[in-house]
Every structure is written in C-alpha cells, then in structure tokens.
1. Report whether or not Ile19 is of a type outside the set (Lys, Arg), in a loop (DSSP other than H, G, I, E, B) and either under 18 Å from the mean Cα position of the chain (by Cα) or closer than 18 Å to Phe107 by Cβ (or both).
2. If you check Phe113, Phe90, which single one turns out to be free of Cβ contacts under 8 Å to residues at least 24 places away in the same chain and at positive phi?
3. Give me the residue from the range 103-123 that is modelled with pLDDT of 95 or more and touching a Ser or Thr at 6+ places or on another chain (Cβ under 7 Å) and, out of that set, surrounded by the most Cβ atoms within 10 Å (Cβ to Cβ).
4. What are the residues in the range 41-81 that are under 20 Å from Leu106 (Cβ atoms) and among the hydroxyl-bearing types (Ser, Thr, Tyr), if any?
5. Quickly run through the range 25-40 and pick out the residues that are in contact (Cβ under 8 Å) with a residue 12 or more places away in the chain and part of a helix (DSSP H, G or I).
6. For the range 50-87, what are the residues that are in a helix (DSSP H, G or I) and modelled with pLDDT under 85?
7. Out of Ile196, Ile166, I need the residue that is farther than 23 Å from Thr71 by Cα and touching a helix residue (DSSP H, G or I) at 6+ places or on another chain (Cβ under 9 Å). Which one?
Amino acid sequence: MISIYSILVLILAYLMGSIPTAVWIGQAFYGIDVREYGSGNAGATNTFRVLGKKAGIPVMLIDILKGWTATNLAYLIGVSTTGSHHSVAFTNYELALGITAVMGHLFPIFAGFRGGKGIASLFGMVLAIHLQAALLCVMVFIVVLLITRYVSLSSIMAGFTYPLGITFIFHTQIKSVVIYGMCICVLILVTHQKNIERLLKGKESKVNLFKSKTA
C-alpha cells in the first residue's frame with residue numbers, strides 16, 4: 001500500500017536527482033553554463049568536453065552519488081512497509097526511487113528542466129541495486145573508453161552490458177530488475193540519438209582524460 005510517507009520520499013528522490021551539478025559547478029567556478037556549449041547537456045560528459053577533467057570528475061562523482069543515495073532512500077521506509085531488504089517489494093521501491101532521481105536529472109526543477117542524459121545517475125542507481133553488475137558495467141565502460149575515447153559510445157556499451165549481465169551472468173530472478181535493465185537500453189538510445197548520429201558520421205568528439213582544460 002502506498003503511503004504519504006513513501007510519496008514524500010519519492011519527491012525527495014526527484015529533488016536529489018534535480019541537483020544540476022554540471023550547471024552549478026560550471027557557473028560557480030568557471031562562469032559558464034555548460035548547456036550553452038558542446039552538446040548542450042548538463043551532464044558529466046559535456047562537462048569533461050567543455051571544462052576538462054577538473055570539473056568533469058567532481059560532476060561525474062556527484063551525479064553517481066545522487067543516483068546511489070536516492071535509491072538507498074528505500075531504507076528510510078523500512079522493512080515494515082516493504083518487507084525484507086531482499087524482497088521483491090523492497091527492490092521495486094528501490095527501482096522507483098532510482099528512476100525518479102534519474103528523471104530529476106533529465107528534467108531538473110532547479111535548472112529550468114534542462115538536464116543531462118542521466119548516465120552517471122543511472123550508474124549510481126545500478127550500484128545501489130546490483131553491485132556486481134555495476135562493476136561489470138564499469139569494466140566495459142573503461143575498456144571501450146580507452147580504445148575509442150568516445151564517452152558516449154562507452155556509456156552506450158556499458159548500459160547495454162547491464163541487462164545482459166543480470167540476465168545471463170548473474171541470473172537475476174526478479175522480473176522488475178530485468179525489465180528495468182531493458183528500459184535502460186531504450187532510455188540510452190533515446191537520450192543518445194544525436195551522439196549515435198555523430199558516431200555514424202565520424203563527427204563525435206573524443207575526450208582526452210589525461211589533459212585538463214581551463215575554461
């Protein structure tokens with residue numbers, strides 16, 4: 001049964017996801033709104049592209065933390081409402097909170113509803129729900145990034161690794177987790193449509209993580 005308390009926690013998750021890390025860091029330390037440059041997204045990838053790793057790394061870590069923390073808000077509800085921490089009901093509530101936070105990142109109330117693509121926050125959510133699958137995604141992301149230097153392609157490949165990993169490697173039995181994994185693939189394809197087009201045309205920007213920028 002959905003309580004007022006659980007709805008309030010969902011709202012809190014959205015507000016956490018709405019924290020526009022890239023926008024605030026860019027404006028506070030560089031006098032730049034990253035949404036006016038590069039890909040126009042308020043996310044870690046565009047921050048790396050526009051401002052370099054000194055700004056990109058904090059944005060990425062905070063955005064990951066947003067997804068992880070929002071998902072773990074499920075523990076505020078307690079087992080009396082959702083059952084065991086390992087129950088389907090508890091996992092479903094974790095998913096609801098994480099997805100709400102990601103929606104906050106995509107459409108942040110604190111930044112005119114113009115956010116990023118949600119990859120870092122999605123990863124934080126996966127990290128909270130399935131640590132092993134999250135680590136597998138990290139490995140794929142790093143390998144693809146080192147080979148291609150395309151953050152977008154690395155994110156896409158890591159995102160597609162998650163549903164494959166939980167289904168065929170970790171054999172997750174909770175259907176909602178598997179469905180969520182497939183929804184991640186759809187979300188990534190939708191939010192990275194322009195990146196995919198640029199990749200196919202050979203026009204996607206590469207990121208050099210070993211060279212800092214000063215904007």
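The values are calculated or read from the model by the stated rules, or taken from the named source; none is laboratory data. Small disclaimer: the values here were computed from a predicted structure and weren't measured. Here the Cβ is made from the backbone with ideal geometry for all residues, glycine too, and neighbour counts use every protein chain on show.
1. It is true that Ile19 is of a type outside the set (Lys, Arg), in a loop (DSSP other than H, G, I, E, B) and either under 18 Å from the mean Cα position of the chain (by Cα) or closer than 18 Å to Phe107 by Cβ (or both).
2. Numbers: Phe90 fails: at positive phi.
Criteria check complete, one pass: Phe113.
3. His105
4. Scanning the range 41-81 gives Thr45, Thr47, Thr69, Thr71.
5. Ile25, Gly26, Phe29, Tyr30, Val34, Arg35
6. Kept after step one, since they are in a helix (DSSP H, G or I), are these residues of the range 50-87: 50-51, 53-71, 74-77, 79-82.
Hits for the range 50-87 are Leu76, Ile77, Val79, Ser80, Thr81, Thr82.
7. Values: Ile166 fails: farther than 23 Å from Thr71 by Cα.
It is Ile196.
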